[in-house]
Amino acid sequence: MPRAAAALQTVLDEITEIARASENRGKVADYIPELAGVNPDQFAIAVARPGQPPLVAGDVDVPFSIQSVSKVFMLALALGKLGDRLWSRVGREPSGLSFDSMLLLELEKGYPRNPFINAGAIVTTDAVLQGSIPREALGALLRFIRAAAGDEAIHINERVAQSEIATGHRNFALAHYLSSHENLKNAPDLTLGTYFHQCAVEMTCAQLANAGLFLVGGAGAPRLVSEARIRRINALMMTCGHYDGSGDYAFRVGLPGKSGVGGGILSIVPGIASIAVWSPGLNHYGNSKLGTEAMERLASRTGWSVFGPDTRQTDG
Ligand code: DON
């Protein structure tokens, strides 16, 4: 292993040891019954760099439910289909509210703040589904993710999707409210069925880090979207990817990131690397607690931040 990779591997091993020893691991999401039983003691991290095998540490062979991280891939597909016309249906401002909030949707007449809160993601999925059927839209999503990751084994966990179809009352409320403002073009059940299945995509950390390489850009990275679109998706991940915790993530980590209630986080170091971290316990924003802490450590140790390196190594 080259010296730089060996040094990075040591950092990942140390971060994993600290995570494994942590006592306060956050709370596993239990509003999706199929996820409620996931063992909170698990932790994994992977760093993928274009043209190099990913570096991994922790429970790297365990696939997890990527949940809202899927919204990044669906956004790339929706932008590919509609281009800037997507922004007539969904905004690009942080919401400052939780991922499943309904508050602003009523005030702002069915125009969701951004594509990463649930309401905005349901609209994004609806745009991809329009003129198609759920099986085709999900096929396109899987093809995109598999091409990005270079891995044909990535799949959807049907039990997780069905678990959410049976219990996702808030998302049904959001979808029907969007429909009342004519911001869904398909029947709410069809759009939601597609949305719940996209959230149920499963990956290991290495698969997710590889799948994120299309957002790294530069030589050797998979070219699935234009450089201009990479820049915009990364901007949205930075400002909206952690919901009402996005400011805190930017402050602590300083990288574009997208979280999911399965405990996964995908973060991008533009031009350098794609990082996936997973630990199922969540903080009060609904983002992985140990995952965020690990990302903060990794950004500090490597100097990987779009705002410059953390030379002080202090809290402030
Ligand atoms: O729609 C939901 O509630 C879930 N399928 C996804 C939410 C999610 O991952 C929020 N992220 N932290």
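The values are calculated or read from the model by the stated rules, or taken from the named source; none is laboratory data. Being a predicted model, the structure only gives us computed values, none of them experimental. Because the Cβ atoms are built from the backbone with ideal geometry, glycine has one as well, and the counts that use them run over all protein chains shown. Side chains included, ligands, DNA and RNA excluded: accessible areas come from the protein's heavy atoms. Shrake-Rupley method; radii C 1.70, N 1.55, O 1.52, S 1.80 Å.
The distance between label points at ALA4 and ASP41 comes to 3.8 nm (points 7 Å beyond Cα on the Cα→Cβ vector).
Shown here for segment 210-274: trypsin sites (Lys or Arg not before Pro) in loop regions (DSSP other than H, G, I, E, B) with at most 10 other Cβ atoms within 10 Å, namely ARG223.
In terms of packing, defined here as the mean over residues of other Cβ atoms within 10 angstrom, the peptides 161-172, 115-126 line up highest first as 115-126, 161-172.
Simple spin-label model, 7 Å along Cα-to-Cβ: PHE307 to ASP189 in nm? It works out to 4.7 nm between the two label points.
For segment 20-73, chymotrypsin sites (Phe, Trp or Tyr not before Pro) are listed when DSSP marks them as loop and at most 11 other Cβ atoms sit within 10 Å of their Cβ; the list is empty.
Where the accessible area of segment 72-198 is counted over protein heavy atoms with a 1.4 Å probe, how much of it, in %, is carbon and sulfur? Reported share for carbon and sulfur atoms: 54 percent.
Do the alpha carbons of any pairs in LYS71/LYS258; LYS81/LYS185; LYS185/LYS258; LYS71/LYS109; LYS109/LYS185 sit beyond 18 Å of each other, and which pairs? Walk me through the numbers on the way to the answer.
Details: LYS71/LYS258 8 Å; LYS81/LYS185 15 Å; LYS185/LYS258 26 Å; LYS71/LYS109 22 Å; LYS109/LYS185 16 Å.
Where the Cα-Cα span goes over 18 Å, the pairs concerned are LYS185/LYS258; LYS71/LYS109.
Using the Cβ of ILE145 as centre and a radius below 14 Å, the other residues enclosed give a net charge of +1, where K and R count +1 and D and E count -1. Loop-only GluC sites (Glu not before Pro) in segment 1-67, please: DSSP not H, G, I, E or B, and at most 10 other Cβ atoms within 10 Å. Those satisfying the criteria are GLU23.
Reported to the nearest whole Å, the Cα centre-to-centre distance from segment 29-90 to segment 184-263 is 7. Averaged per residue, segment 65-217 has 37 square angstrom of accessible surface, using a 1.4 angstrom probe with ligands and nucleic acids left out. If the chain linking LYS109 and SER180 were pulled fully straight, counting 0.36 nm for each residue of separation and taking away their Cα-Cα distance, it would gain 24.6 nm. Remark: spin-label model distance ALA166-ARG20 equals 3.5 nm, labels positioned 7 Å along the Cα→Cβ axis.
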